[in-house]
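Peer 1: I have a structure here, written as structure tokens, and I will follow up with some questions on it.
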């Protein structure tokens, strides 16, 4: 097991995210997708409680594991990674490539929006705030937004020290990545992803700073802090 | 990409000269494919308020898809309307082509049914 390391990379926010988030997901997309198939209970419950005919966006949809959960709602997936969106497309799930900071949707277009394990990849407080502002912008008044982000205080298989900004290794096992013709291809490949680990209350605080919304539910689940907020 | 998705999309280039024309995006060289899908009347009726009808009408006319000019008073009782709506927004897929902003001319490409809505750094 390789440990996370403190983020000491000196780069602009955009350059850091390009190198330690976007480029990594392009490379690990297939392996990442193979490990992402089970719906998390809070998210499943949230989606199952939506009225028939709800229209929403899954911002940072990854391999689209939530897009087909309910055939009687319409959920559009977006992701910054072409490789992940192509996986969604191959599964006939509605998805497009876009940036969570500048969403290509009209304001108040949706009944709801979700963003699961995405906003922790933005490397400044201003950018994390902007991502949430965008989620609130695209939902109608009375609509809800569900956000999950990694917790600093994880009690599961990953343990973190007090550094909130870290590089977390993703290991693609060598036996599966054997497209290297020069050798046996048995070596593991390690990629580091940038994360901002949220402290308890930090995510709720961001919603409160932005305003124009009320927190319906907040909690901890599966190594993440989450918030469900309603747009006022 | 289905037309229900297109109905939500808007050009998001910063400092667009004519922000009123950022929606709807205009299709260019669109290649359509119809893929049959199961019709769910309750879904259609309940999602209707999310659709911008004038935008959908303009887009379907450009693509040669026929839908009624207006939403009927009781859509739930209008089988013909529901079928036209279902076909237009859920069965028609744009596989290739692009979407152009009528305000600033920005072009968003669609490849293998997937729109690329990313902007360059200077456009954000």
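Peer 1: Find the centroid of the Cα atoms in the stretch A:188-232 and in the stretch A:82-154, then give the distance between the two in whole Å.
Peer 2: 12
Peer 1: While we're here: Could you tell me how many degrees, from 0 to 90 and to the nearest 10, lie between the Cα long axis of helix A:23-34 and the main elongation axis, the longest principal axis, of the Cα atoms of chain A?
Peer 2: Computed tilt is about 80 degrees.
Peer 1: For helix A:125-138, what angle does its Cα long axis make with the longest principal axis of chain A, in degrees from 0 to 90 and rounded to 10?
Peer 2: 50
Peer 1: To continue, here is another question. Considering Cα pairs under 8 angstrom that are at least six residues apart, work out the relative contact order of the stretch B:3-123 and quote it in whole percent.
Peer 2: That works out to 37 percent.
Peer 1: So how far, in whole Å, is the C-alpha centre of the stretch B:17-31 from the one of the stretch B:85-124?
Peer 2: Each part reduced to its Cα centre gives a spacing of 9 Å.
Peer 1: Once both axes come from the Cα atoms, what is the angle between helix B:53-63 and the longest principal axis of chain B, in degrees from 0 to 90, rounded to 10?
Peer 2: Roughly 80 degrees, rounded to the nearest 10.
Peer 1: Further, regarding this structure: Between residue B:83 and residue B:62, what's the calculated FRET efficiency when r is the beta-carbon distance and R0 is 25 Å? Round to 0.05.
Peer 2: Given R0 = 25 Å and the Cβ-Cβ separation, E is 0.75.
Computed from the coordinates by the stated procedures, all read-outs in this text should not be read as laboratory data. For clarity, every value in this text was computed on a predicted model and none was experimentally measured. Reconstructed Cβ throughout: ideal geometry from the backbone, glycine too, with neighbour counts over all protein chains shown.
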